[in-house]
Structures are given as structure tokens and as C-alpha cells.
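The values are calculated or read from the model by the stated rules, or taken from the named source; none is laboratory data. Remember, predicted model here, so these are calculated numbers, not experimental data. Using ideal geometry, Cβ is built from the backbone for each residue, glycine included, and neighbour counts are taken over all protein chains shown. Ligands, DNA and RNA are stripped out before the accessible areas are found, and what is left, the full protein with its side chains, is counted by its heavy atoms. Shrake-Rupley method; radii C 1.70, N 1.55, O 1.52, S 1.80 Å.
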Amino acid sequence: MIKKQRKTYWLNYFRPNVFIKSFTDLNIFLLKKTGVKMLICDLDNTLSPHFTTFPTRKVIEFCHKVQMIGIKLAIVSNNSKKRVTKYVSRLTPDVVIANAHKPLKRKIMKMLDANNLKPSEVIMMGDQFITDVWVANRIGCHSILVLPIVDPKGDASSNWFVRFLDSLIYQHLEHGNYLKLDYRREGVIDNEYQII
């Protein structure tokens, strides 16, 4: 039993608190009740495919709703400043970080300090284990994993090695029954902040 736990211990670094199909499945009202003050959101393949220039109406409505209920919105992307700036021109996020260099956490930690936020008051949403979930877990904030909007293999701007690692992690977590889509819970964090 101990040996088995040791073999799978590394997976804890990549386990999200919440696993949902899409950002539209997230119940932000219940996030607010849990004390979340900021939602850090990845851009490409989380909110929109990498080849889209501007956000869809669903994305705009989602982002507006997040801010309307009093949760700050941060768009944090590894993509270029030109791509991110153009995309968010039709949104009003509280914070925008391009060239974030995830999984490095320096820029995100600096942003949290500037906004006087504790990691426990923040939740991070993205489509990758390496650049989103792992960063969140290392920072100490909660994490939401969404399914990629389009096949990551078709994204020439993404790192093939990161995609390869992500696929391995996904297989291990799915095999261990750690990833479950639960639409009844609507992606809400449970009381003990465990994966659902």
C-alpha cells in the first residue's frame, strides 16, 4: 500500500480541485460563497481556440458575470502581448498578463502581491496540467481544469513537449479514477477542496 502511494504521489502536483468540460459549466456564484476573490483564467483553449482573434459573446458574458458578482478577473496567458492585448480589447479584465512564462510562477505571485490577495483567495482555470494546474498547486491556490476547446495538436504555438507530458498526466489521473466530470456539482469546489 505504501509503495503504491509513493508511485502515485507525484500525481498530487497535477490534480485539479475541479474538473469541468467548459468554463460555461462553472458555477461562479458558489465560487463567491467559498471566498474566492479572483479568478485567474488562461486564454487559449480555455476561453477560446488559439486561432480566434476576439472573444465570443459567451466569453464576454461569462467575464462580465464574474466581475458583476465581485470576483476580480485576471487573464494570464503564455501567448504574445500582441495576441492577448487584441483579444482582451473587448473585455474589461482587472489584470492582464501576456508572456506569463507558465509554469514559472513569478509574474503571478507578483500580481497577487500587487492586489493584496492570498493564494487561498484565488482560483486558477486552464486547460493544461503543466502550465495551469501545476502552477496553481505550487502557488497554493485552487485550480480548475477544463477540457481543451480544440485538439492541442493543432496549435502550432503550443509546446509539443508540454502537450506530451499533459497527455501522460491525463492518462495516469484517469486510470487512477482521479478525474471525473460531475455535472450535478457544476464544477463547484467542495468543502474540503478535493477533486470531484
Margin query: For the pairs LYS33/LYS107; LYS32/LYS58; LYS65/LYS118; LYS32/LYS118, flag any whose C-alpha to C-alpha distance is greater than 18 Å.
Written below: LYS33/LYS107; LYS32/LYS58; LYS65/LYS118
Next item on the list: Assuming R0 = 30 Å, can you tell me the calculated FRET efficiency for the pair ARG138 and LYS32, based on Cβ-Cβ distance, to the nearest 0.05?
Entry: 0.75
Notebook entry, point to check: Using modelled backbone amide H atoms (1.01 Å from N, in-plane), which distant-in-sequence or interchain residues come within less than 5 Å of CYS41's amide H?
Noted result: ALA74, ILE75, VAL76, MET125
Next item on the list: Note down the nm distance, to one decimal, between modelled labels 7 Å out along Cα→Cβ at ASN115 and at PHE51.
Entry: 3.2 nm
Check: In whole percent, how big is the carbon plus sulfur part of the accessible area of segment 36-105, probe 1.4 Å, protein atoms only?
Finding: 56 percent
